[in-house]
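**Student:** Encoded as structure tokens, here's the structure I'll be asking about.
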Amino acid sequence: MIHVSLVGIPECGASLIGAFELVTSVGTAWNQIIERSEPEPLFHAQIVSEQAGAIRCADSWTVQPHATLAQVAHTDVIFVPSLWLGADETFAGRYAELKQWVVDRHRDGAMICAACTGTLLLADAGLLDGETVTTHWAYVDSLRRHYPKVRIQPEKVLVVSGDDGRIVTSGSHATWYDLLLYVISRLVGKEAALQTAKFFLLQWHTDGQLPYMAFRENLQHGDAAIRQAQEWLNNHYSHPNAVEALEKQSGLASRTFKRRFKQATGLTPVAYVQQVRVDRAKTLLESSDLPVDQISWRVGYEDIAFFRRLFKRMTNLRPAEYRKKFRLPVPGPAYGTKQ
């Protein structure tokens with residue numbers, strides 16, 4: 001039986017319990033309820049922690065670990081769930097025993113998995129230096145800033161790296177089950193993974209993280225002229241010559257403006273305008289019934305074909321696909337069925 005250690009610390013989100021339930025169901029739930037056969041559990045899962053005793057997670061609920069780290073000298077898989085962190089928070093100076101234990105178990109041959117912000121714990125342990133990973137899209141800048149040796153693919157939902165593919169990371173919170181379905185498929189077979197997905201009604205996030213990413217404007221850079229230009233753009237993003245107008249608003253020479261804008265925001269003026277416009281278009285697609293061509297005009301693009309290509313490049317979805325994915329459904333007689 002495959003042994004899975006689920007890391008329990010106070011920063012854990014609910015995926016800790018969800019992961020435990022999912023893993024322990026493999027070989028049992030489908031057998032007992034669908035096939036009416038004898039259960040054959042394929043995984044032995046334990047929540048492990050540095051110390052014995054209940055853990056208060058996310059300052060709202062408690063969990064009782066099954067074992068301490070000292071009691072687990074061998075494991076096949078370590079799973080770090082999504083963790084609640086501040087926007088620029090890291091694990092520096094915390095959980096030294098846990099980080100060393102993870103490194104030691106990886107050296108012994110264990111597969112190390114981290115969902116969402118759990119990636120930052122592995123990064124602080126030094127386990128991800130030189131490796132390619134993903135994480136929650138909102139924490140990419142923090143991961144890149146604090147751990148520059150880590151290569152990040154923020155658009156990916158799942159990234160497998162390390163020796164023999166023994167480091168597996170996933171994106172935003174709900175992708176923890178993409179990660180575990182991958183682990184199940186890899187270790188005990190595709191059939192078990194498909195049965196688990198069907199039983200829990202799970203769908204793979206095949207579109208990646210791009211459709212979910214929100215544009216986060218950096219206004220805390222300390223450059224007053226650039227901030228003024230950004231604030232102007234928020235109200236005039238549909239201006240037909242937005243970049244030229246931004247330069248004019250700044251009062252700076254063109255080359256100086258472009259250099260300072262990139263330094264302050266991390267984007268060229270053209271890329272920044274595109275981000276703002278696509279972000280506004282996403283809001284209109286989510287909240288209105290306006291045709292796509294009218295949305296294109298409203299955000300500043302007269303060339304509808306160009307807008308569609310830009311939107312697809314930046315979200316991995318066509319505008320109509322994005323609207324279908326993110327418009328909240330209205331429950332009714334046909335809710336949940338395909339007409």
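Each reported figure results from applying straightforward, stated rules to the coordinates on display, with no laboratory input. Just so you know, these numbers come straight off a predicted model, no measurement behind them. Quick reminder, even Gly has a Cβ in these numbers, built from the backbone with ideal geometry, and neighbours come from all protein chains shown.
**Student:** Quick one: helix 15-25 against the long Cα principal axis of the chain, what's the angle to the nearest 10°, folded into 0 to 90?
**Tutor:** The angle comes out near 50 degrees.
**Student:** Check cross-link reach from Lys198 to the lysines: straight Cα distance under 16 Å, and skip same-chain residues fewer than eight apart.
**Tutor:** Those lysines meeting the cut-off are Lys190.
**Student:** Out of the chymotrypsin sites (Phe, Trp or Tyr not before Pro) in region 165-253, which ones are loop residues according to DSSP with at most 15 other C-beta atoms within 10 Å?
**Tutor:** Details: sites: Trp176, Tyr177, Tyr182, Phe199, Phe200, Trp204, Tyr212, Phe215, Trp232, Tyr237; in loops: Trp204, Phe215, Tyr237.
Here the sparse-neighbourhood loop sites are Trp204, Phe215.
**Student:** Taking only C-alpha pairs under 8 Å that are 6+ residues apart, what is the relative contact order of region 1-64 in percent?
**Tutor:** That works out to 43 percent.
**Student:** If you put +1 on each Lys and Arg Cβ and -1 on each Asp and Glu Cβ, how big is the dipole of the chain around its Cα centre, in Debye rounded to 20?
**Tutor:** 1320 debye
**Student:** Turning to a different aspect of this structure: So how much slack lies between Arg107 and Thr24, counting 0.36 nm per residue of separation and subtracting their Cα-Cα distance, in nm? Mind showing how you got there, number by number?
**Tutor:** Values: separation 83, 0.36 × 83 = 29.88 nm, distance 2.54 nm.
Working it through step by step, the gained length comes to 27.3 nm.
**Student:** If each residue of separation counts as 0.36 nm, what is the full-extension length gain between Gln46 and Phe215 once their alpha-carbon separation is subtracted? Can you show the working numbers first?
**Tutor:** Working: separation 169, 0.36 × 169 = 60.84 nm, distance 3.82 nm.
Full extension of this stretch gives 57.0 nm more.
**Student:** Using r as the Cβ-Cβ distance of Asp303 and Gln32, and R0 as 51 Å, what FRET efficiency do you calculate, to the nearest 0.05?
**Tutor:** Numbers: r = 58 Å, r/R0 = 1.14.
Once rounded, the FRET efficiency stands at 0.30.
**Student:** Which listed residue (Thr196, Pro269, His44) has the Cα farthest towards the positive end of the charge dipole for the chain, taking +1 on Lys and Arg C-beta and -1 on Asp and Glu C-beta about the Cα centre?
**Tutor:** Working it through, the farthest residue towards the positive pole turns out to be Pro269.
**Student:** Round to the nearest 0.05 the FRET efficiency obtained for Arg94 and Met1 when R0 = 41 Å and r is the Cβ-Cβ distance.
**Tutor:** 0.80
**Student:** Picking from Ile184, Thr206, Val102, whose Cα lies most toward the positive end of the charge dipole for region 2-210 (charges on Cβ: Lys, Arg +1; Asp, Glu -1)?
**Tutor:** The listed residue farthest towards the positive side: Thr206.
**Student:** Here's another thing I want to ask about it. For region 199-252, which trypsin sites (Lys or Arg not before Pro) pass both filters: DSSP loop (anything but H, G, I, E, B) and at most 12 other C-beta atoms within 10 Å?
**Tutor:** Here the sparse-neighbourhood loop sites are Arg216.
**Student:** Could you tell me how many degrees, from 0 to 90 and to the nearest 10, lie between the Cα long axis of helix 96-107 and the main elongation axis, the longest principal axis, of the Cα atoms of the chain?
**Tutor:** In the chain, helix 96-107 runs at an angle near 80 degrees to the longest axis.
**Student:** Calculate how steeply helix 269-287 sits against the longest principal axis of the alpha-carbon atoms of the chain, using the helix alpha-carbon long axis, and give the answer as 0 to 90 degrees to the nearest 10.
**Tutor:** Computed tilt is about 70 degrees.
**Student:** I'd like the projected area of region 224-326, averaged over all directions, using the convex hull of its alpha carbons. Report it in nm² with one decimal.
**Tutor:** So the Cα hull casts an average projection of 6.4 nm².
**Student:** A follow-up question, please. Rounded to the nearest 20 debye, what is the charge dipole size of region 137-233 about its Cα centre when +1 sits on each Lys and Arg Cβ and -1 on each Asp and Glu Cβ?
**Tutor:** The calculated dipole for region 137-233 is roughly 240 debye.
**Student:** Could you work out the relative contact order of region 2-210, using alpha carbon pairs under 8 angstrom and six or more residues apart, expressed as a whole percent? Can you show the working numbers first?
**Tutor:** Values: 413 pairs, mean separation 38.7, N = 209.
Answer for region 2-210 is 18 percent.
**Student:** Report, ordered by chain and residue number, the aspartates and glutamates lying within cross-link reach of Lys262, taken as a straight Cα distance under 18 Å and ignoring same-chain residues fewer than 8 apart.
**Tutor:** Partners within reach: Asp141, Glu217, Asp223, Glu231, Glu244, Glu247.
**Student:** Moving on. Straight distance only, please: which aspartates and glutamates reach the Cα of Lys312 with their own Cα at less than 12 Å, same-chain residues fewer than 8 apart left out?
**Tutor:** Asp207, Glu321
**Student:** Could you work out the relative contact order of region 35-113? I mean the mean sequence separation of Cα pairs under 8 Å and 6+ apart, divided by the number of residues, in percent. Kindly include the intermediate steps, with their values, before the conclusion.
**Tutor:** Numbers: 66 pairs, mean separation 22.8, N = 79.
Relative contact order of region 35-113: 29 percent.
**Student:** Out of these labelled values of semi-axes √(5λ) of the Cα gyration tensor in Å, (i) 51, 28, 18; (ii) 52, 21, 16; (iii) 42, 27, 16, which was calculated from the coordinates shown here?
**Tutor:** (iii)
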